[in-house]
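Notes to accompany the following structure.
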Amino acid sequence: WSAEVDATWSVAASALFKSLGQARDRDALAGWLLPQLQAAGAPTLAWDDVPTSPTPAEVFRSAATTRLMLELLAFVHGQAAAPAEGATDFAALAAPALSRLHRRVRRAGSRFAELDEASRHRARKQLKRLRYCAESLSSLWPAAAWENYAQRLKTAQDALGRVQDAAVAKAVFTAQ
């Protein structure tokens, strides 16, 4: 909620997470989904046909990632880390934003079976954002309630991750 937040950080962070997501998708295919599919009789996947992506190490060694991290560290440790003028109660600032995100996630969840793959993926990203925001702000509210809430979010995120992994596998197999 700082007035000093640079709008370009969102674009850079999105690019970073997209690169890391590609590596995560490949790891998920190799780690759990393909072995289960092959055990059920699916054909063997030729890894040469799977699009390659940079490794997480390559992503984190890139100039763009280094620049983003340095800018974020400078922001966090600098004068700009103060809340915007007039903002005094961080919990009061956070609660409406978390509530809005929670409502979006619930709406998507109530009609998840009807959503297309892009909308399902968007719902999963919103759920991840909600979970990580809730976890990072958990000290603002009673611990027991947040632990229960965070666990429910984690369970839902894991389930939606499996759905996303299946969608990635479907795309890979369709391409082959």
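Readers should treat all values here as calculations from the given coordinates under stated rules, not as data from a laboratory. All figures in this text were calculated on a predicted structure; none of them were measured in a lab. All Cβ positions, glycine included, derive from the backbone under ideal geometry; neighbour counts span all protein chains shown.
Taking the chain as the reference, fit the longest principal axis to its C-alpha atoms, fit the long axis of helix 90-110 to the helix C-alpha atoms, and give the angle between the two in degrees, 0 to 90, nearest 10. Compared with the principal axis, the helix lies near 30 degrees. A Cβ-based charge dipole, computed about the Cα centre of the stretch 104-173 with Lys and Arg at +1 and Asp and Glu at -1, lands at about 200 debye.
Rounded to the nearest whole Hz, the Karplus-based 3J(HN,Hα) values (6.51 cos²θ - 1.76 cosθ + 1.60, θ = phi - 60°) of the stretch 35-44 follow the sequence x, 5, 5, 5, 5, 8, x, 5, x, 6, with x at glycine and proline.
Need the list of lysines near residue 154 for cross-linking: C-alpha distance under 23 angstrom, and skip anything on the same chain fewer than eight residues off. Partners found: 18, 125, 128. Using a Cα-Cα cut-off of under 17 Å, which aspartates and glutamates could be cross-linked to residue 170, ignoring same-chain neighbours fewer than 8 residues away? Within the straight-line limit of under 17 Å, residue 170 reaches these aspartates and glutamates: 25, 27, 48, 49, 116, 117.
Between helix 143-175 and the chain there is an angle of about 40 degrees, using the helix long axis and the longest principal axis of the Cα atoms.
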